[in-house]
Amino acid sequence: MKDQFNDDVIGRARVKDTPELEAYYKELETLGAGALWTVANDIEPWEPRTSSVPMLWKYENLRELVLKSSELVTPEQAGRRVVYLVNDKRKDVSAAVGWLYTGIQVTRPGESTSAHRHKASALRFIMEGSGGYTVVDGNKIMLEVNDFVITPNSTWHEHGVAENGKTCIWQDGLDIPLVNALEANDYAVFDGKQPLEAPLNYSPLTYGGAGLIPADTVWNKPYSPLFKYSWTSVYPALLEAEKVNEGSPYDGIIMDYTNPLTGGPVMPTMGASMQLLRPGQHTKAHKHTGSIVYQCAKGNGYSIIGGKRYDWKERDIFCVPSWVFHEHVNLSETEDACLFSFNDLPVIKSLGLYQEQAYTDNNGYQIVNNL
């Protein structure tokens, strides 16, 4: 199999340029056409190929600038006051990795954003503060640190912090680059404030019971009716699962946030997970199609991504591009570490594009090269 990725084999484009062919290509170009064999090997790679690079965004370096934005612009001026995180190789589409966008939003006590909606789906992971809230299609939900919140595509939504609250910071995740690539995005602003159509915290109180859904409620939308997944429920669930499960060799104890009515992903285009690494755990490396953005919710450690080490601690954000080997390490010998992540796997899997491969050299662990 040494020639597995050699283009000089039957079945691959191997045409050599000649003056006659070059003239032919130019003639095709004038008609808005081209010869497939001139681009075939590039657009049909031997294996998945990412256009992103691994990145790590240190929260301690960003936090002051995130807070400073709240002194420079108001939510009304900015629409949404966010410092977005961009991949060095995806600046042209404002993506953090692949076709995923992420940013850090800050809201002061008494502030709120205007209600709006868009075809892009969105999610939040709460990082700091108290008294924060979101309103999704008339459902007002209070937010706490490490809560995971969704605002599905085309839902009216707005965010704010109560007057007696503390400045809130959360991570936004959206599929804006994907929806823009599909030329399907839009944006609208609500005229005035959303009317509240349900009691406070109706969604999590109605759909947040593990293994329980209301028998008398009809829900026909393609996304989860549970708009908030509380850390106070998620972390204990991880601890309970840890007692009786070995976990994934690549991800430790990992649990997906799901639509309680279907068991599927929370939204059609983006999924999310929370994983727990036991004290001292070092997972094995694998790679798969699909891009992932991580945030450390608890603890500290490092990940080896594409042979390079990226050290993280609480609130740091990092990304793993599609088809890049990665493994995770919890540096504490006494405390667990938790990583929140969101991804584009619902799209990848629904289109039949998912594949995965374990790292087989060196007993499953990458050789680190941070030169």
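The figures follow:
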quantity	calculated
Flag for E22 being closer than 16 Å to C168 by Cα, acidic (D, E) and at pLDDT 95 or above	no
Selection count, segment 61-120, where residues are charged (D, E, K, R) and in contact (Cβ under 8 Å) with a residue 24 or more places away in the chain	11
Yes/no for D137 being at pLDDT 95 or above, among the acidic types (D, E), surrounded by fewer than 23 Cβ atoms within 10 Å (Cβ to Cβ) and within 30 Å of S52 (Cβ to Cβ)	no
Within segment 1-104, helices (runs of 4 or more DSSP H) holding 3 or more residues that are open to solvent by 50 Å² or more (accessible area, probe 1.4 Å) and under 30 Å from G271 (Cα atoms)	59-72
Subset of segment 235-291 [touching a Cys at 6+ places or on another chain (Cβ under 8 Å), in a helix (DSSP H, G or I) and of a type outside the set (A, V, I, L, M, F, W, C)]	Y235
Near pairs, Cβ below 9 angstrom, 6+ apart or cross-chain, from segment 178-192 (at negative phi) to any residue that is in a strand (DSSP E or B) and of a type in the set (F, W, Y)	L178/Y101
Residue under evaluation V161, criteria (1) part of a strand (DSSP E or B); (2) surrounded by fewer than 14 Cβ atoms within 10 Å (Cβ to Cβ), criterion not met	(2)
Breaking point among (1) open to solvent by less than 60 Å² (accessible area, probe 1.4 Å); (2) within 23 Å of the chain's Cα centre (by Cα), for T232	(1)
Among (1) free of Cβ contacts under 8 Å to residues at least 24 places away in the same chain; (2) open to solvent by 50 Å² or more (accessible area, probe 1.4 Å); (3) in a loop (DSSP other than H, G, I, E, B) - the single one G209 does not satisfy	(2)
Selected residue [within 18 Å of K228 (Cβ to Cβ) and within 17 Å of the chain's Cα centre (by Cα)] from R90, R124	R124
Residue that is closer than 26 Å to L62 by Cβ, buried (at least 19 other Cβ atoms within 10 Å of the Cβ) and without any contact (Cβ under 8 Å) to a residue 40 or more places away in the chain, where the choices are S303, S341	S303
Some residue of segment 266-278 being without any contact (Cβ under 8 Å) to a residue 40 or more places away in the chain and either surrounded by fewer than 18 Cβ atoms within 10 Å (Cβ to Cβ) or closer than 19 Å to G211 by Cα (or both)	no
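The values are calculated or read from the model by the stated rules, or taken from the named source; none is laboratory data. Owing to the predicted nature of the structure, the values given are computational and were not obtained by experimental measurement. Using ideal geometry, Cβ is built from the backbone for each residue, glycine included, and neighbour counts are taken over all protein chains shown. We work out accessible area using only protein heavy atoms, side chains counted, and drop any ligands, DNA or RNA first. Shrake-Rupley method; radii C 1.70, N 1.55, O 1.52, S 1.80 Å.
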